[in-house]
Amino acid sequence: MTGIWGIVNITPDSFSDGGRYFDVDRAVAHGLQLRADGATVLDIGGESTRPGAQRVGAEEEQRRVLPVIERLVAEGAPVSIDTLDASTAAAAVRAGARIVNDVSGGLADPDMLAAVAESGADYVIGHWRGFSDDMYAKAVYRRTAREVAGELQERMGETAASGIAPSRLILDPGIGFAKAGAQNWDVLRGLDEIVALGPRVLIGTSRKRFLAETLGADPAGVSEARHDLATAVTSALAARAGAWAVRVHDVSATRDALAVVRAWEG
């Protein structure tokens with residue numbers, strides 16, 4: 001059964017809900033609500049990776065995320081830490097996180113792979129070509145899905161050399177990261193190439209710009225409700241294509257969409 005990762009952004013500047021849960025109590029309450037809605041993992045992030053976002057220092061990032069992780073873990077919630085920083089990853093695992101979700105796949109911080117290997121946590125390798133401030137300049141592909149799969153395979157080799165067992169890996173093709181418009185659809189249509197690499201696959205389309213563009217509207221004018229409906233549809237299709245889990249802001253809508261898929265498949 002496809003899992004649902006609920007997003008908990010403890011940031012003032014995330015592209016969708018920046019500032020909404022920029023408080024420990026609110027973030028914890030939100031995480032617990034996502035859990036009640038059906039989230040199988042809560043993905044906690046203290047640094048925005050939206051296009052143009054400014055980097056956050058590790059000390060500030062940890063100040064934001066560690067109290068939330070500790071309280072959610074105490075409530076029995078499985079937690080992932082969404083970070084580019086090795087020291088934050090290590091601290092989060094010590095606080096109880098089970099998974100390190102690194103959208104850069106170890107490319108942003110040269111110490112990340114060693115930190116994850118030592119931690120024993122599972123590791124999400126995201127497809128990435130650079131930091132948010134200039135990532136779209138690197139969105140050049142001939143066959144997007146195939147190139148993304150090839151670059152993820154290279155990262156798998158690096159993680160193996162660092163002592164991270166294949167059984168601990170999760171692959172994320174990085175929808176929206178160094179991919180513009182139709183390139184994201186190319187990756188989703190070619191998801192079988194990512195799944196064929198072997199590890200579990202995580203897909204995150206939630207509220208991303210390419211969905212609004214597909215709806216034929218100014219992205220700034222698309223409501224959260226419309227975004228969440230489109231997210232639920234793409235998540236359901238990803239599940240049918242073999243995704244192990246999907247990462248979303250609105251867990252309940254995606255939960256319902258996946259229930260319909262299961263019923264359809266019998």
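The values are calculated or read from the model by the stated rules, or taken from the named source; none is laboratory data. Keep in mind it's a predicted model, so treat the numbers as computed, not measured. Virtual Cβ from ideal backbone geometry, glycine too; neighbours counted across all protein chains shown. Accessible surface is based on the protein model in full, side chains and every heavy atom, while ligands, DNA and RNA are left aside. Shrake-Rupley method; radii C 1.70, N 1.55, O 1.52, S 1.80 Å.
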Using a ≥ b ≥ c from the Cα gyration tensor of the chain (square roots of the eigenvalues), is it rounded, prolate or oblate, where a/c under 1.5 gives rounded and otherwise the larger of a/b and b/c decides, a/b for prolate? rounded
Relative contact order of the chain, pairs being alpha-carbon contacts under 8 Å that are 6 or more residues apart, as %: 18
Apportionment of accessible area to carbon and sulfur, the chain, percent (1.4 Å): 51
Accessible area per residue, Å², the chain with all protein chains present, probe 1.4 Å: 43
How far, in nm, would the chain grow between TRP185 and GLU154 when pulled straight, counting 0.36 nm per residue and subtracting the alpha carbon separation? 8.9 nm
With r defined as the distance between the Cβ atoms of LYS138 and THR40 and R0 fixed at 35 Å, what FRET efficiency is calculated, to the nearest 0.05? 0.60
Summing -39500 (n - 2.57) over the DSSP H runs of n ≥ 4 in the chain and dividing by its residue number, what mean residue ellipticity at 222 nm do you reach, to the nearest 500 deg cm²/dmol? -13500 deg cm²/dmol
Write out the GluC sites (Glu not before Pro) in the range 72-148 meeting two conditions: DSSP loop, and at most 16 other Cβ atoms within 10 Å of their Cβ. GLU75
What shape does the range 173-266 have by the C-alpha gyration tensor, where a ≥ b ≥ c are the square roots of the eigenvalues, rounded means a/c under 1.5, and otherwise prolate means a/b greater than b/c and oblate the rest? oblate
If you take the square roots of the eigenvalues of the alpha-carbon gyration tensor of the range 107-161 and sort them as a ≥ b ≥ c, do you get rounded (a/c under 1.5), prolate (a/b over b/c) or oblate? oblate
Expressed as a whole number of Å, what is the distance separating the alpha-carbon centroids of the range 23-98 and the range 134-158? 27
Got the relative contact order for the range 143-266 handy, in percent, Cα pairs under 8 Å and 6 or more residues apart? 24
